[in-house]
Amino acid sequence: AFASFVGTSLTLAIDTMLNNQLVVVPTSLSVVGVGLLLMASVNLIREAHAALRSNRLETRFFRELQDRRVAEGGCSAR
């Protein structure tokens with residue numbers, strides 16, 4: 001996505017030097033960049049949800065382990 005935005009900046013500069021003959025190229029690159037950035041954001045949200053789910057499972061496992069230790073008469077350090 002960021003490479004697309006850099007390409008947009010470069011093609012805008014080249015387009016200016018060529019008296020606006022490449023109007024479609026910078027616009028297309030910016031649309032592609034926005035689309036890629038949207039896809040990256042969706043992927044980041046999915047990854048954050050997976051990390052939270054994993055963290056909840058680890059916390060549940062730790063608490064169940066502590067409860068077992070307490071039930072067996074072990075130490076109760078929480």
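Worth a mention:
- Here the Karplus curve 6.51 cos²θ - 1.76 cosθ + 1.60, taken at θ = phi - 60°, turns the phi angles of the stretch 38-54 into couplings of 5, 4, 5, 5, 4, 5, 5, 5, 4, 5, 5, 5, 5, 5, 5, 4, 5 Hz, with x standing for Gly and Pro.
- Relative contact order, whole percent, for the chain stands at 26, derived from Cα pairs under 8 Å and 6 or more residues apart.
- Rounded to the nearest Hz, the phi-derived 3J(HN,Hα) couplings of the stretch 19-30 under the Karplus curve 6.51 cos²θ - 1.76 cosθ + 1.60 (θ = phi - 60°) are 6, 6, 8, 10, 4, 6, 5, x, 5, 5, 5, 5, where x marks glycine and proline.
- Residue-averaged [θ]222 nm for the chain, counting only DSSP H segments that reach four residues, each worth -39500 (n - 2.57): -30000 deg cm²/dmol
- Overall form of the chain per C-alpha gyration tensor (a/c, 1.5; a/b vs b/c): prolate
- GNM on the chain, alpha-carbon springs under 10 angstrom: the most fluctuating residue among R68, R60, R46 is R68.
- Springs between Cα atoms under 10 Å define the GNM used for the chain, and in it the highest mean-square fluctuation of N19, N43, N55 occurs at N19.
No lab work stands behind these numbers, since they all come straight from the coordinates. Note that this is a predicted model, so its numbers are computed, not measured.
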